[in-house]
Each structure stands twice: as structure tokens, then as C-alpha cells.
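A.B. asks: This is the structure I have questions about; it appears just below.
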Amino acid sequence: MKDLDNEADRREPTALNRRKVLECMTWAGAGVLWTVSGGVPRSLGIVGEAVAADAGAVTFMQISDSHIGFDKPANPDTMGTLNAAIGKIKALPVKPAFMIHTGDITHLSKVKEFDDANSLISQAGLDVHYVPGEHDVIDEEHKLYLERYGKGTQGDGWYSFDANGVHFVGLVNVLDLKAGGLGNLGAAQLAWLEDDLRGRSASQPVVLFAHVPLWTVYQQWGWGTDDGAKALDLVKRFGSVTVLNGHIHQVMQKVEGNVTFHTATSTSFPQPAPGSAPSPGPMKVPDDQLRKLLGITEVKFKQGQQRLAIIDMPLQS
Amino acid sequence: MVIASTMRGPGRARAGCAALIAAALLIVGSPARAADAEVTIDNFTFSPQTLTIKAGSKVTWTNRDDIPHTVASTAKAFKSPALDTDDSYSFTFTTAGSYEYFCSLHPHMTGTIVVQAAAGPAPSQ
């Protein structure tokens with residue numbers, strides 16, 4: 001963490017110090033507001049101001065880790081909290097262009113869980129671009145996921161598309177995992193990514209999204225991707241790279257050179273901060289706190305602006 | 001950020017019991033006889049992480065976590081389906097050797113089953 005903070009300090013010397021990186025981040029140059037209190041952004045007022053300041057920007061949504069089918073004490077009502085997340089998206093003053101879901105749609109890759117998730121997510125009325133989490137590919141050969149979300153994708157479900165001048169790449173890093181290892185992209189996917197990026201202008205903003213963080217958040221809990229650095233090497237020539245992940249059920253952000261890394265909150269249950277508990281299992285919090293730790297993420301981008309604005313919104317402030 | 005301490009459910013006490021039972025079974029079994037054994041999955045950890053048994057013994061893994069896990073042999077000798085909370089999976093080891101395994105969903109979780117020949121000294125590893 002120290003290195004990334006130092007890096008951030010160099011980039012924004014007036015706005016950031018080690019504490020501020022975690023508590024409050026303001027990128028005035030890009031009109032970006034990302035405000036977090038105690039690790040959780042909670043001020044709807046600030047979100048409202050950001051909306052006003054960025055009127056005209058195109059936005060897209062990220063939701064993650066719905067875990068439909070999970071019914072343990074950490075959240076016995078994952079349908080209810082996903083429904084609340086969709087409700088928040090529908091209530092946004094500016095309709096997002098589309099949505100990405102960064103995996104763990106279901107808890108156990110069951111048909112009913114996929115059906116139930118879809119019945120809620122489809123109510124947002126948005127195109128949804130998915131990548132799988134490890135909970136979505138439990139069945140043999142991950143057929144259920146690919147049948148639903150694999151159309152038009154390459155290999156085991158990876159793909160790219162362009163929207164409003166931004167190049168989006170959905171990566172799969174939850175398959176063919178190796179004993180003792182972390183997330184895995186694999187040689188075939190990396191070769192495809194290299195090909196996909198070839199010839200693109202370095203000034204085109206790039207968004208990589210995948211379930212498990214592509215950077216090592218906490219190796220002891222498997223929170224990273226073994227060959228993630230190879231993917232990041234392939235995008236380092238681009239002027240603006242945003243990496244969006246889920247999996248760890250909490251917001252983590254770092255800025256390294258031209259790359260902004262960001263993990264989303266879950267819509268199902270929170271997980272402990274790295275190393276703060278015996279394991280990364282679901283964290284039981286008082287009922288009245290749960291929805292403050294769950295949420296959705298809105299990302300704004302404007303033509304000609306390098307940085308994308310990332311705003312996390314809890315289900316309940 | 002952490003609002004309340006992590007709650008792990010009742011698994012821990014049972015895990016301790018299961019480990020004791022497994023250990024007891026190993027002690028009771030004579031060197032030449034197979035004895036069934038248990039491995040508990042709790043807090044994203046296989047316990048005991050290394051288990052030594054006699055050939056012919058059945059090992060049963062039980063998941064006490066709120067998150068599904070699998071038991072997958074690194075050499076593809078065996079693989080469980082996803083084990084939800086309190087689900088179990090058993091495999092009988094008939095051939096001496098060292099069997100490394102991991103959770104294919106959370107591959108940082110690893111364990112080893114050491115299978116000794118049913119009679120005679122353990123093979124050198």
C-alpha cells in the first residue's frame with residue numbers, strides 16, 4: 001500500500017496523502033469526486049453534486065457479487081438487497097448507458113439462481129455485460145454460465161466492445177486455477193487480449209473488467225491474479241486505463257501511473273478488510289448496518305477526458 | 001470499516017471435535033489396518049492440512065464455511081463437487097503415496113493426504 005500511496009502523492013500532491021487516499025479522494029482536474037468515509041462512501045449529497053457537475057457525461061453502472069442463492073446469517077435476503085441495488089439504478093437522474101456485472105451472479109451456479117438473478121437485473125432495463133465469478137462456473141465445464149452469457153464471446157467467455165469512444169474488455173480469471181495460486185487468465189486469453197488491443201490508439205481510454213482483482217490486493221486470501229501483470233503490461237501504453245473488479249466485497253482503489261484500479265462493493269454481503277479476520281468469509285454485521293456496506297458503482301466518462309469518474313453508492317446511506 | 005467481529009458460526013467447535021476424532025481414529029488403528037479419517041474445512045483452511053493414513057482408508061471432508069469449497073487433487077486423482085455448508089465428500093485411498101489437493105474455487109487453500117502402505121513401513125517420500 002505504501003508504494004501506491006507514494007505514487008498517488010506524486011500525482012496529486014495537493015489533494016492526497018496516505019490517509020486521504022483512503023478517506024477522501026478528489027481529482028479536481030477531471031471533475032471527479034470519489035468520497036469515502038470510513039471506507040464506505042455514504043454521502044448522497046456529494047453524489048448529487050457529482051451528478052450536477054458532470055451533467056452531460058455518459059455513465060455506466062457496475063454491480064458485483066450478487067450471490068443469489070446465499071442465505072446464511074451474513075445476509076439471508078440476497079434477492080432483497082439485489083432488488084434494492086436495481087431500484088437505486090432505476091432511480092438515477094441520468095439513465096446509465098449500460099451495466100457491467102463483475103461476477104458471482106449466483107452462489108452455487110444453479111439454474112434457479114441464474115433465473116432469479118436475471119429476473120431482478122433485467123428490471124434495470126439496461127444492456128448488461130457479464131464476466132463470471134468462481135461461484136458462476138461451479139458446474140462441469142461451466143455450461144450454465146456460457147449458455148446464458150457466452151454468446152458472441154471468445155474462449156471461455158472473454159470479449160471486448162466499444163462504447164462512447166471507450167474500449168471495454170471483459171476478462172475471465174476464475175477458470176483453470178492452479179493449486180496454491182491466485183486468479184488465472186491463461187495464455188490463450190492473454191494472446192487474444194494482445195491481438196484485441198493491437199493497432200488501437202494509445203489515446204483511447206481502456207476499461208478492463210474481471211471478477212478477481214487483476215492486482216494483488218492480499219495474496220494470503222487469494223485476492224489477486226497470477227498473470228494479471230501480463231494483462232497490465234499489454235495496456236501500459238494507453239493514456240487512461242481503468243481496471244474494475246469485484247470478488248472482495250469492499251471498495252479498494254489505487255492509482256498507478258495511468259492505471260486506476262477499483263473494486264466494487266457487493267450487493268449481497270460484506271467481507272472483512274484484508275488480514276482483519278481469520279478468513280475472507282462473509283462478515284456478519286448488525287442488520288441496520290448491512291445495507292451501508294453493500295452497494296453499486298457508477299462510472300462516468302466524457303469524450304476528451306482521460307480519467308473516468310468512479311462513484312460508489314451504498315444501498316443505504 | 002469493520003463494524004462487528006466476524007461470525008463464523010458453529011463450525012469451529014465441531015471442527016475441533018472432528019480433528020480430535022480423526023486423530024483418535026489414527027491412534028486406535030493398528031499400523032497395519034486402515035482407519036477412516038476426517039478433514040474439516042473451516043475458515044478457508046483444510047484441517048489437518050497434512051493427514052497421514054493407511055492405504056484403504058476413507059477420508060471424509062466436511063465444509064463448515066458459509067462459502068462453498070471443493071476438494072480437487074492436483075494430479076486429478078479425485079475431485080469433489082462443490083460442497084456447500086455442511087456438505088461432505090469422501091474418497092478411499094487404496095494406493096500409497098502423497099496426494100496434494102486444493103480448493104479449485106479458492107486455490108490458495110491446499111492440503112496433503114499421505115497414504116502409507118497398509119502393512120509394513122511407510123514408503124520413503
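The values are calculated or read from the model by the stated rules, or taken from the named source; none is laboratory data. These numbers were taken from a predicted model, which means no experiment stands behind them. Positions of Cβ are generated from backbone atoms using ideal geometry, with glycine treated the same way; all protein chains shown enter the neighbour counts.
A.B. asks: Out of curiosity, is B:THR45 of a type outside the set (Lys, Arg), within 14 Å of chain A (Cβ to nearest Cβ) and within 25 Å of A:PRO213 (Cβ to Cβ)?
C.D. replies: yes
A.B. asks: Quick check on A:LYS302: is it touching a residue at least 60 places away in the same chain (Cβ under 8 Å) and more than 14 Å from chain B (Cβ to nearest Cβ)?
C.D. replies: Here the answer is yes, as A:LYS302 does meet what is asked.
A.B. asks: Go through region A:84-97 and give me each residue that's surrounded by fewer than 17 Cβ atoms within 10 Å (Cβ to Cβ) and not β-branched (Val, Ile, Thr).
C.D. replies: Within region A:84-97, A:GLY87, A:LYS90, A:ALA91, A:LEU92, A:PRO93, A:LYS95, A:ALA97 meet the criteria.
A.B. asks: Follow-up. Identify, by number, the condition in (1) more than 10 Å from chain B (Cβ to nearest Cβ); (2) of a type outside the set (Phe, Trp, Tyr); (3) surrounded by 19 or more Cβ atoms within 10 Å (Cβ to Cβ) that A:GLN253 doesn't meet.
C.D. replies: (3)
A.B. asks: Further question: Show the residue pairs that are 6+ apart or on different chains and have beta-carbon atoms under 6 Å apart, the first residue being within region A:213-232 and closer than 23 Å to A:HIS101 by Cβ, the second being buried (at least 19 other Cβ atoms within 10 Å of the Cβ) and of a type in the set (Ser, Thr, Tyr).
C.D. replies: That search, which allows pairs on different chains as well, returns A:PRO213/A:THR263; A:LEU214/A:THR225.
A.B. asks: Same structure, new question: Which of the strands (runs of 3 or more DSSP E) found entirely inside region B:74-124 contain at least 1 residues meeting this: modelled with pLDDT of 95 or more, in contact with a Ser or Thr (Cβ under 7 Å, 6 or more places away or on another chain) and within 11 Å of another protein chain (Cβ to nearest Cβ)?
C.D. replies: Answer list for region B:74-124: B:97-102, B:110-116.
A.B. asks: Another question, then. Kindly indicate which of A:ALA264, A:ALA273 is farther than 24 Å from A:GLU194 by Cβ, more than 12 Å from chain B (Cβ to nearest Cβ) and of a type in the set (A, V, I, L, M).
C.D. replies: Exactly one of A:ALA264, A:ALA273 is farther than 24 Å from A:GLU194 by Cβ, more than 12 Å from chain B (Cβ to nearest Cβ) and of a type in the set (A, V, I, L, M), namely A:ALA264.
A.B. asks: Let me ask something else about it. I'd like to check something: does region A:174-193 contain any residue that is in contact (Cβ under 8 Å) with a residue 24 or more places away in the chain, over 18 Å from the mean Cα position of the chain (by Cα) and in a strand (DSSP E or B)?
C.D. replies: no
A.B. asks: On to the next question. Only one of these conditions is not met by A:SER119: (1) loosely packed, with under 15 Cβ neighbours inside 10 Å; (2) polar (S, T, N, Q); (3) assigned to a strand (DSSP E or B). Which number is it?
C.D. replies: Result: A:SER119 fails condition (3) only.
A.B. asks: Further question: Exactly one condition in (1) crowded, with 19+ Cβ neighbours inside 10 Å; (2) outside any strand (DSSP E or B) is false for B:VAL59; which is it?
C.D. replies: (2)
A.B. asks: Mind checking which residues of region A:198-217 are in contact with a strand residue (DSSP E or B) (Cβ under 9 Å, 6 or more places away or on another chain) and surrounded by fewer than 19 Cβ atoms within 10 Å (Cβ to Cβ)?
C.D. replies: The answer is A:ARG200, A:GLN204, A:THR216.
A.B. asks: Only one of A:VAL111, A:VAL131 is modelled with pLDDT of 95 or more, more than 14 Å from chain B (Cβ to nearest Cβ) and touching a strand residue (DSSP E or B) at 6+ places or on another chain (Cβ under 6 Å); which?
C.D. replies: Being modelled with pLDDT of 95 or more, more than 14 Å from chain B (Cβ to nearest Cβ) and touching a strand residue (DSSP E or B) at 6+ places or on another chain (Cβ under 6 Å) holds for just one of A:VAL111, A:VAL131, which is A:VAL131.
A.B. asks: Quick test for you: out of A:HIS129, A:HIS107, A:HIS142, pick the one residue that is over 24 Å from A:GLN250 (Cα atoms) and surrounded by 16 or more Cβ atoms within 10 Å (Cβ to Cβ).
C.D. replies: A:HIS142
A.B. asks: Just for region A:223-250: of the residues that are over 21 Å from A:PRO278 (Cβ atoms) and within 14 Å of chain B (Cβ to nearest Cβ), which one is surrounded by the most Cβ atoms within 10 Å (Cβ to Cβ)?
C.D. replies: Per the stated criteria, the residue is A:THR225.
A.B. asks: Any idea which of (1) surrounded by 15 or more Cβ atoms within 10 Å (Cβ to Cβ); (2) assigned to a helix (DSSP H, G or I); (3) within 14 Å of chain B (Cβ to nearest Cβ); (4) not aromatic (Phe, Trp, Tyr) is the one A:GLN220 doesn't satisfy?
C.D. replies: Among (1) surrounded by 15 or more Cβ atoms within 10 Å (Cβ to Cβ); (2) assigned to a helix (DSSP H, G or I); (3) within 14 Å of chain B (Cβ to nearest Cβ); (4) not aromatic (Phe, Trp, Tyr), A:GLN220 violates only (1).
A.B. asks: Related question: Considering only residues that are within 12 Å of chain B (Cβ to nearest Cβ) and more than 19 Å from A:ALA273 (Cβ to Cβ), which ones fall in region A:285-299?
C.D. replies: If the condition is that a residue be within 12 Å of chain B (Cβ to nearest Cβ) and more than 19 Å from A:ALA273 (Cβ to Cβ), then A:ASP287, A:ASP288 are the ones that fit.
One line per residue, one yes/no per condition, for (1) buried (at least 20 other Cβ atoms within 10 Å of the Cβ); (2) in contact with a strand residue (DSSP E or B) (Cβ under 6 Å, 6 or more places away or on another chain):
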| position | (1), (2) |
| --- | --- |
| B:LEU51 | yes, yes |
| B:LYS54 | yes, yes |
| B:ILE67 | yes, no |
| B:ASP84 | no, no |
| B:THR94 | no, no |
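A.B. asks: Residues in region A:87-97: is at least one modelled with pLDDT of 95 or more and touching a Ser or Thr at 6+ places or on another chain (Cβ under 7 Å)?
C.D. replies: No: region A:87-97 contains no residue that is modelled with pLDDT of 95 or more and touching a Ser or Thr at 6+ places or on another chain (Cβ under 7 Å).
A.B. asks: Follow-up. Given the condition part of a strand (DSSP E or B), within 14 Å of another protein chain (Cβ to nearest Cβ) and touching a Leu at 6+ places or on another chain (Cβ under 6 Å), answer yes or no: does some residue in region A:199-212 qualify?
C.D. replies: No: region A:199-212 contains no residue that is part of a strand (DSSP E or B), within 14 Å of another protein chain (Cβ to nearest Cβ) and touching a Leu at 6+ places or on another chain (Cβ under 6 Å).
A.B. asks: On the given criteria, is A:VAL166 modelled with pLDDT under 95 and surrounded by fewer than 21 Cβ atoms within 10 Å (Cβ to Cβ)?
C.D. replies: yes
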